[in-house]
Amino acid sequence: MAGNRGVSQIRAEEWTEGSGARDITVYEKGGNYQLSAKEILPVGIGPLELAFRQLYEKLSGERLFDEERKQPIPKYPAASAS
């Protein structure tokens, strides 16, 4: 599984439940369990919604959605497509 580390595009701390294909390995000597998964999807909202929320948080942190950055919509357009 070491080769798969870092490929996740969604931070797991954003959700607590997930579904997907997984493998359970038991190490008999120490009695340890290891849960390996190639893909886990959050339950409740889809991965696209989660990625959108993360991007929105990032851009909000950069203050890109502040009122002072917004430009007024012109009353009459300067040009029109025909």
Highest to lowest packing among 57-63, 24-30, 74-80, 44-50, scored as the average C-beta count within 10 Å: 44-50, 57-63, 24-30, 74-80
I need the phi-derived Karplus couplings for segment 56-64: 6.51 cos²θ - 1.76 cosθ + 1.60, θ = phi - 60°, integer Hz, Gly and Pro marked x. 4, 4, 4, 5, 5, x, 8, 6, 7
Once R0 is set to 35 Å, what does the formula 1/(1 + (r/R0)^6) return for the Cβ-Cβ distance between Y33 and L59, expressed as a FRET efficiency to the nearest 0.05? 0.35
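Laboratory data are not the source of any read-out in this text; all were calculated from the coordinates shown. In this text the structure is predicted, and so the values were computed from the model without any measurement. We place every Cβ from the backbone using ideal geometry, glycine too, and count neighbours over all the protein chains shown.
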